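Everything on this sheet refers to the single structure shown next.
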Amino acid sequence: MLPPAFREAARAVTIRVEDLAPDMFLGELGIDDPFELTGLYDGIPLTQKSVMDSPIQPDTIWLFRRAILDEWVERGDVTLEALVAHVFIHELAHHFGWSDDDIAAIDRWWE
């Protein structure tokens, strides 16, 4: 469960689960192997939103099921629940305006 200060802002985010990332996302990110992408935030971070913005689509967190399962099997040292939570929280941090470097400064997950 998210801390109360984050819950309301998180309610505005749609969560989508797909088997693998669509080619469109992979191309934009320069990723060849869809198993390398476990999640993605697609939207405008809260730190960049303006009341003047007209939303084109809802902010969305994408979770890629087969890529997550593949990482879980390869790692073998975390529960599936912990891995899904990690991917979700990482992508939610992007919604709040955190960069990958900001996240890495406090979360050394891959080590």
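The values are calculated or read from the model by the stated rules, or taken from the named source; none is laboratory data. Owing to the predicted nature of the structure, the values given are computational and were not obtained by experimental measurement. Here the Cβ positions follow ideal geometry from the backbone for every residue, glycine too, while neighbour counts run over all protein chains shown. Protein only, heavy atoms only, side chains kept; ligands, DNA and RNA dropped before computing areas. Shrake-Rupley method; radii C 1.70, N 1.55, O 1.52, S 1.80 Å.
Please enumerate the residues belonging to the stretch 1-21 that are in contact with a strand residue (DSSP E or B) (Cβ under 6 Å, 6 or more places away or on another chain), among the aliphatic types (A, V, I, L, M) and either open to solvent by less than 80 Å² (accessible area, probe 1.4 Å) or over 20 Å from His86 (Cβ atoms) (or both).
Val13, Leu20, Ala21
Can you tell me which residue in the stretch 64-82 is modelled with the lowest pLDDT, limited to those that are aliphatic (A, V, I, L, M), under 22 Å from Ala93 (Cβ atoms) and part of a helix (DSSP H, G or I)?
Step by step, filter the stretch 64-82, then rank; the result is Ala82.
Every residue in the stretch 66-79 that is closer than 21 Å to Asp33 by Cα and either buried (at least 17 other Cβ atoms within 10 Å of the Cβ) or in contact with a helix residue (DSSP H, G or I) (Cβ under 9 Å, 6 or more places away or on another chain) (or both), please.
Arg66, Ala67, Ile68, Leu69, Asp70, Glu71, Trp72, Arg75
Taking the conditions exactly as written (assigned to a loop (DSSP other than H, G, I, E, B) and open to solvent by less than 50 Å² (accessible area, probe 1.4 Å)), does Ile61 satisfy them or not? Walk me through it before giving the result.
On the way: assigned to a loop (DSSP other than H, G, I, E, B): no; open to solvent by less than 50 Å² (accessible area, probe 1.4 Å): yes.
No, not satisfied.
Out of the residues in the stretch 34-58 that are exposed (fewer than 10 other Cβ atoms within 10 Å of the Cβ) and of a type outside the set (Val, Ile, Thr), state the one that is modelled with the highest pLDDT.
Within the stretch 34-58, the match that is modelled with the highest pLDDT is Gln48.
Would you confirm whether or not the stretch 22-33 contains a residue that is surrounded by 15 or more Cβ atoms within 10 Å (Cβ to Cβ), within 13 Å of Val84 (Cα to Cα) and within 15 Å of the chain's Cα centre (by Cα)?
Checked the stretch 22-33: no residue is surrounded by 15 or more Cβ atoms within 10 Å (Cβ to Cβ), within 13 Å of Val84 (Cα to Cα) and within 15 Å of the chain's Cα centre (by Cα).
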